[in-house]
Amino acid sequence: MTDPVSRNLLLFDIERFSDRDDIQQGYLRRMLYGVVDSLLRTAGIDQTQHLRADRGDGVLVMIDANAPLPALLRALLHDAAHELRAVNRLASSSAQIRLRAVLATGFVAVDEFDGWVGSDLNTACRLLDGGPLRAALRERADDFALCVSDPVYAGIVRHNHPGIPAEEFCPVDVPSKNGRLHAWLYGPLPTGAPAPEPEGDSGAGTTTAAATATAPAAAGDRTPAPAPAPAPAPAQSGATVHGNVTGGVIGVNQGSIGSIGNISGITLPGEKR
């Protein structure tokens with residue numbers, strides 16, 4: 001296996017793809033690739049700077065770390081919804097395309113089978129399939145919902161670069177088998193989405209115990225409250241008191257896509273989408 005190299009990761013998934021028949025799915029895939037190509041061109045990312053892996057109902061784009069990430073994020077924020085609106089204007093109701101997207105960054109290695117391997121890649125896939133992003137797209141009038149990883153937020157979004165409004169990103173927690181994944185959703189949180197829990201020991205256990213000990217019995221509760229412990233008797237006059245009171249794998253269609261260095265294949269975990 002090669003040493004890991006830094007890559008920007010852009011993932012897309014088509015909503016309700018499996019609900020369509022074969023003809024509709026073929027149409028949606030053509031529209032998806034057209035939208036992706038247009039967004040990459042807008043961001044100034046040419047074919048020599050990225051590889052693509054087909055995911056059936058979506059696509060993974062592996063982008064050279066030297067490509068302009070702020071420009072790509074601006075294209076996603078300002079152009080993706082317009083591109084989809086233009087496509088859907090001319091499509092029947094059964095061929096409307098709506099997309100979830102994740103922009104992440106991380107280290108990826110290439111194994112002896114020319115496959116892509118990396119926990120950062122796994123994390124990006126789990127964010128794409130996570131509940132917060134799915135719920136956000138369901139509730140929005142636009143046909144596009146975007147989530148960015150913690151490193152993208154920390155390195156790009158929070159600095160308020162032109163055209164990237166940090167105040168419009170909301171923190172979300174995405175449950176996974178390896179624990180909570182922290183990410184940032186563009187736009188309002190979906191209805192009923194819980195606020196992210198604070199990290200570390202918040203002292204909630206101590207507070208809860210104290211509240212339980214002092215709270216009055218609820219109405220209708222017939223269980224008598226425990227009697228308070230008797231106060232220690234005062235010492236008698238003149239007496240002396242003694243004592244002391246813690247990689248999955250996804251196939252890559254190399255075709256005519258560009259290449260980055262000597263990398264020629266892609267691996268992703270085969271997870272349910």
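Annotations for the structure displayed:
- When the convex hull of its Cα atoms is projected in every direction, mean area for the stretch 15-89 (nm²): 5.2 nm²
- Dipole of the stretch 114-177, positive end: most advanced residue of S176, S149, I164 [Cβ charges, Cα centre]: S176
- Alpha carbon Rg of the stretch 99-185, scaled by the compact-globule rule 2.2 N^0.38 Å: 1.16
- A P(r) calculated from all alpha carbon pairs of the stretch 1-146, with 5 Å bins opening at zero, reads 2, 9, 19, 22, 21, 14, 8, 4, 1, 0 percent.
- Relative packing of 84-96, 107-119, which averages over residues the other C-beta atoms within 10 Å, highest first: 107-119, 84-96
- Rounded to the nearest Hz, the phi-derived 3J(HN,Hα) couplings of the stretch 104-113 under the Karplus curve 6.51 cos²θ - 1.76 cosθ + 1.60 (θ = phi - 60°) are 9, 8, x, 9, 9, 10, 10, 8, 5, 9, where x marks glycine and proline.
- In the stretch 54-131, Rg over Rh equals 1.03, where Rg is the alpha-carbon radius of gyration and Rh the Kirkwood radius from pairwise Cα distances.
Read the figures in this text as sums done on the coordinates, not as results from a lab. This structure is a prediction, so every number in the text was calculated from the model and none was measured. Note: ideal-geometry Cβ built from the backbone for every residue, glycine included; neighbour counts use all protein chains shown.
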